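The structure appears below as structure tokens.
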Number of protein chains: 2
Amino acid sequence: MLQAQGRAVHQCDSGWVPVFVDQEQSISLMSVGFLLERPDEAVVWRGPKKSALIKQFVSDVAWGELDYLVVDTPPGTSDEHMAAVEALRPYRPLGALVVTTPQAVSVGDVRRELTFCRKTGLQVMGVVENMSGFACPHCAECTNIFSRGGGEELARLAGVPFLGSVPLDPELSRSLEEGRDFIQEFPKSPAFPALASIAREVLNATPALLC
Amino acid sequence: MLQAQGRAVHQCDSGWVPVFVDQEQSISLMSVGFLLERPDEAVVWRGPKKSALIKQFVSDVAWGELDYLVVDTPPGTSDEHMAAVEALRPYRPLGALVVTTPQAVSVGDVRRELTFCRKTGLQVMGVVENMSGFACPHCAECTNIFSRGGGEELARLAGVPFLGSVPLDPELSRSLEEGRDFIQEFPKSPAFPALASIAREVLNATPALLC
């Protein structure tokens with residue numbers, strides 16, 4: 001998505017140097033993908049090995065000064081999630097952004113993620129509903145392909161903020177597919193105001209960083 | 001999806017009795033969900049505990065005579081997948097049905113699943129492309145929300161059968177959401193011929209069971 005596939009991770013005195021996406025080095029990345037020799041190599045690792053690498057990604061990467069560290073986890077409540085929460089605890093993480101799709105079968109899974117956050121003392125910054133409705137680009141009629149409103153209902157029941165719904169958007173998919181800058185190239189796309197509003201909500205929840 | 005939430009698992013002389021979906025007992029289920037006390041309980045388990053339960057689901061459930069045992073795994077190539085492959089090896093599994101969505105970022109993940117199958121000696125029965133295009137129910141125009149053709153291309157490159165594409169279909173989502181019988185109620189839905197054709201391909205690949 002960020003056109004960084006195949007980039008190499010180098011070593012410096014203070015640890016692994018993350019991969020920079022842009023010339024200004026405004027976004028730096030670390031992923032197990034950068035450590036594999038071939039892109040189709042399977043990471044057939046059991047929990048302890050995954051947990052050890054996640055801890056290294058926090059402690060052994062020369063992150064420098066960061067405004068935000070975003071950890072994109074797989075779904076579930078297992079080794080990866082426990083390892084990330086444990087490794088980040090000393091840095092007092094702002095919390096979890098919990099993403100669901102609208103239908104009951106996803107909301108059920110995500111409800112268990114909220115239980116996980118409560119159990120591990122991780123604050124829930126809010127719930128986002130993704131794949132929430134699709135406006136046909138041909139006739140402009142909206143279809144709720146995966147039902148609608150499950151994310152908002154979940155947030156209400158769990159007593160956590162609801163941050164917004166992101167519609168299905170072929171232009172967003174295409175941007176991610178081709179590594180294009182969605183914000184620059186598709187400002188009129190239906191997902192744009194949804195994502196901008198969620199970003200504002202997150203910034204508002206972390207006022208210290210706005211100074 | 002099968003309206004079995006909240007059902008209990010009982011014990012008999014030959015092990016756990018699976019949950020039956022219908023009166024004819026044509027579909028039986030086992031899931032960690034049946035063993036939880038509350039539906040929002042998080043299964044915060046590390047790999048070894050998950051692996052042990054998966055082995056029990058194969059060896060300690062009174063499955064009886066089955067035509068097919070379908071193991072629905074999470075994405076990835078980790079403890080769950082290794083445990084399932086190991087537990088089922090003595091029963092000579094037919095193979096893996098590998099499901100992807102069309103876009104490159106998913107196909108990349110699934111390519112690693114194919115490597116996992118090769119490494120563990122699991123035959124790949126074929127690749128299915130899910131969420132493959134959406135025909136607007138208002139104007140009938142088709143939009144490839146998540147790109148298109150990634151699954152077929154992956155199968156071609158990996159030299160494994162391509163079993164078909166399942167379009168995004170609000171009626172299929174609604175059936176799963178409400179536990180309705182999609183085959184009975186929505187035979188004219190666009191996902192129906194796609195799923196029926198994939199099922200035929202799978203049956204054709206397992207001729208012994210058709211007698």
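The values are calculated or read from the model by the stated rules, or taken from the named source; none is laboratory data. Note that the structure is a prediction, hence the values are computed from the model and not measured. Virtual Cβ from ideal backbone geometry, glycine too; neighbours counted across all protein chains shown.
If you scan region A:67-83, which residues turn out to be more than 14 Å from chain B (Cβ to nearest Cβ) and over 16 Å from A:Ser31 (Cβ atoms)?
Correct list: A:Asp67, A:Tyr68.
Starting from region A:31-42, keep only residues that are modelled with pLDDT of 90 or more, then list their pairs with residues that are of a type in the set (S, T, N, Q) whose Cβ atoms are within a distance under 9 Å, requiring at least 6 positions of separation or different chains.
Pairs found: A:Gly33/A:Gln5; A:Phe34/A:Gln5.
Restricting attention to region B:1-40, and to residues there that are under 23 Å from B:Ala83 (Cβ atoms) and part of a strand (DSSP E or B), which single residue is farthest from the chain's Cα centre (by Cα)?
B:Gln11
Working only within region A:10-30, note down all residues that are over 23 Å from A:Leu172 (Cβ atoms) and either in the same structural domain as A:Arg174 (by the TED database) or without any contact (Cβ under 8 Å) to a residue 12 or more places away in the chain (or both).
A:His10, A:Gln11, A:Asp13, A:Phe20, A:Gln23, A:Glu24, A:Gln25
Yes or no: B:Leu154 under 17 Å from the mean Cα position of the chain (by Cα), surrounded by 18 or more Cβ atoms within 10 Å (Cβ to Cβ), aliphatic (A, V, I, L, M) and not assigned by the TED database to the domain that holds B:Ser28?
no
In region B:60-100, which residue that is hydroxyl-bearing (Ser, Thr, Tyr) and touching a residue at least 40 places away in the same chain (Cβ under 8 Å) is surrounded by the most Cβ atoms within 10 Å (Cβ to Cβ)?
Per the stated criteria, the residue is B:Thr100.
Considering only residues that are in a strand (DSSP E or B) and in contact with a Phe, Trp or Tyr (Cβ under 7 Å, 6 or more places away or on another chain), look in region A:121-141 and name the one that is surrounded by the most Cβ atoms within 10 Å (Cβ to Cβ).
Within region A:121-141, the match that is surrounded by the most Cβ atoms within 10 Å (Cβ to Cβ) is A:Val127.
Residue-by-condition table, conditions (1) under 30 Å from B:Ala83 (Cα atoms); (2) more than 12 Å from chain A (Cβ to nearest Cβ); (3) without any contact (Cβ under 8 Å) to a residue 24 or more places away in the chain:
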{"site": "B:Glu113", "(1), (2), (3)": "yes, no, no"}
{"site": "B:Val128", "(1), (2), (3)": "yes, yes, no"}
{"site": "B:Cys136", "(1), (2), (3)": "no, no, yes"}
{"site": "B:Thr143", "(1), (2), (3)": "no, no, yes"}
{"site": "B:Val160", "(1), (2), (3)": "yes, yes, no"}
{"site": "B:Asp181", "(1), (2), (3)": "no, yes, yes"}
{"site": "B:Phe192", "(1), (2), (3)": "no, yes, yes"}
{"site": "B:Leu203", "(1), (2), (3)": "yes, yes, yes"}
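Looking only at residues in region A:165-179 that are closer than 12 Å to B:Gln103 by Cα and hydroxyl-bearing (Ser, Thr, Tyr), which one is farthest from the other protein chains (Cβ to nearest Cβ)?
Once the filter is applied, the top-ranked residue is A:Ser175.
Residues that are at pLDDT 95 or above, of a type in the set (A, V, I, L, M) and more than 29 Å from B:Pro193 (Cα to Cα): does region B:59-75 have at least one?
Yes: one or more hits.
Regarding B:Val43, is this residue buried (at least 17 other Cβ atoms within 10 Å of the Cβ), in a loop (DSSP other than H, G, I, E, B) and among the β-branched types (Val, Ile, Thr)?
Criteria met by B:Val43.
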